[in-house]
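Each reported figure results from applying straightforward, stated rules to the coordinates on display, with no laboratory input. Values in this document were obtained by computation on a predicted structure and should not be read as measured data. Cβ sites come from the backbone with ideal geometry, for glycine too, and all protein chains shown count toward neighbours.
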Amino acid sequence: MLKKKRRIFYPFLIGIYAAVELVNVNISQMELSAGFRSVAVTVVFSLASYALFYWQIKSEHKAALMSAWFMLFFFAYGHLYGALEGKSVLGVVLGRHRFFFPFWLVVFAVGGWWIYKNAHRLEGLSKILNVVSILLLVIPLVQIGVFEWQRHAHDLTEHPSSPVQEGLTPATSQLPDIYYIILDGYPRQDVLLKYHHFDNSQFIQEMETIGFFIPHCSQSNYAATDLSLASSLNMTYLEGINPNVQQINYPDSIIHSRTRQILEGFGYKIVSIDSGIWFTVFNDADYNINQNRSVLGSFLDIKRLSEFEVVFLRTTLLRLVDESKAAWLGSILQNPRMEAYERILFEFDQIESVPSLPGPKFVFVHIVAPHSFPFIFNAEGEFEVSSSIDPALGNVLRYLNWRTLEAVRAIIAKSGNPPVIIIQGDHGIDTEARLAIFNAIYFPNGGNEVLYPTLSPVNTFRLVFNTYFGRDFPLLPDISYFSAYEDYYNFSEVTYPCTH
């Protein structure tokens, strides 16, 4: 009687799992399509690996075991190296490629030799590995599916505008356009001077000359983008959205905020410029301005890696290549951060053209700079990657400041009715002073009189509505809550003293 042949597929699933699980971990910060190519490449890579081992060994079972072992060797390297980086034992720093790679290579060689010699004893292991690999893959796939369903369900849900309350009308004869521009990770002047020896006073003086009020003691209310924007756009602390802050749908709270709903009730059109961060892109805006790069076009553009693909490569053995800074690699592949660079330039270009859109309008722009790390601008605005925060941060700010000044001058000059312009950091950069942010407010027609030095984002739109729409929102205490990424919802109140 012929023995039934057992199907072997775990080597392929182990490789695919590496990409799928990373997508799952990062899905709240990215579009699902950004992971398509990584998954496709791992499928091909896994098949090729198995085919190579089978060609050499001529045994399906041995080839499967050796291929699976190689998948672990290849895809686990970056994760293990990241966990050990900078750590030392008996004075030897293990987290260096010169030490860790030879060690990992020996582990692979010894383990591979043992598996090859004992493969006949491990035939019963195939069924177990098949089941385990299926479970490993199904769990993140289900989690991704649930997340995507929830994400698109919110996109399809109608969010009715808040009606304008009777007896409350705008305080001006014409409704002003309102620009909310987030410069991600832009620190306060005194923090820049203290930690990075960068004097930002000239930029601040130029902004003040234009008519901006700079709250020199401003702090963000939270230390992360989604927490900070959910708070500022809903004009309340997170508990005001939901007492259980872990249950807040942060993307929906940002995209369909209370501020947006009130403004839509006054007849405002919503303008969103693509930031590359999905939860700050208003896909259902009246004007959703983007670069129109198709999913298929991005997939086929093999000379350009996405930011997710860079992260994925760094979790594998290819981290060695990435950190070698080999010149030949740059000649083969365009730097993956070029996409972020081009998007920021695109956003600034579009800001200057927005005033021509029929108003009144609420314009939301999230520019992921100077936060981008490594930094991708030099002082002249040319593409230049630098992993050193100093002087790279200062160079980025010189260009960013110039583009910001050009943008606000264009907005004011092209607007028939004086606009409201709010430019804020959603958080800072340094851990110690992460909540100290740059904040610049342009309230026309004498509106700057209501502004004050410690103004935080949570009160910004309360003042907008009180000043220009006849509302009477009470101001909240300006409080800042720090939380680390490792303990996201464990908040502690922080005050970072400001110096003039």
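Taking all Cα pairs closer than 8 Å and separated by 6 or more residues, the relative contact order of the stretch 398-449 comes to 29 percent.
Distance from the C-alpha centroid of the stretch 214-259 to that of the stretch 341-374: 21 Å, rounded to the whole angstrom. Near residue 289, the amide H atoms lying under 5 Å from its own belong to 272, 273, 274; only residues 5 or more places off or on other chains count, and H is placed 1.01 Å from N. For chymotrypsin sites (Phe, Trp or Tyr not before Pro), the sites in the stretch 409-500 that DSSP calls loop and that have at most 12 other Cβ atoms within 10 Å are 489. Put a dot 7 Å past the Cα of residue 499, heading toward its Cβ, do the same for residue 193, and the two dots end up 0.7 nm apart. Shown in residue order for the stretch 131-143 are the 3J(HN,Hα) couplings computed by the Karplus curve 6.51 cos²θ - 1.76 cosθ + 1.60 at θ = phi - 60°: 5, 4, 5, 5, 4, 4, 7, 5, 4, x, 5, 5, 5 Hz (x for Gly and Pro).
Computed over the stretch 10-152, relative contact order equals 34 percent, with contacts defined as Cα pairs under 8 Å that lie 6+ residues apart.
Rounded to the nearest 20, the Cβ-based charge dipole of the stretch 10-152 about its Cα centre (Lys and Arg +1, Asp and Glu -1) stands at 420 debye.
Shape analysis of the stretch 367-485 places it in the oblate category; the axes a ≥ b ≥ c from the Cα gyration tensor give an a/c of at least 1.5, with a/b not above b/c.
Taken over the stretch 10-152, the alpha-carbon convex hull comes to 130 cubic angstrom per residue.
Rounded to the nearest 0.05, what FRET efficiency do residue 286 and residue 174 give with R0 = 30 Å and r taken as the Cβ-Cβ distance? Could you check? E(calc), rounded to 0.05, equals 0.95. Using only Cα atoms, tell me the angle between helix 36-57 and the longest principal axis of the chain; keep it within 0 to 90° and round to the nearest 10. Here the helix axis deviates by roughly 10 degrees. Over the Cα atoms of the chain, the radius of gyration divided by the Kirkwood radius equals 1.04; this is the Rg/Rh ratio. The mean sequence distance of close C-alpha pairs (under 8 Å, at least 6 residues apart), as a share of the length of the chain, puts its relative contact order at 23 percent. Equivalent ellipsoid of the stretch 198-296: semi-axes from √(5λ) of the C-alpha gyration tensor, largest first, are 26, 21, 16 Å.
Rounded to the nearest 5, the antiparallel percentage of DSSP beta bridges internal to the chain is 35%.
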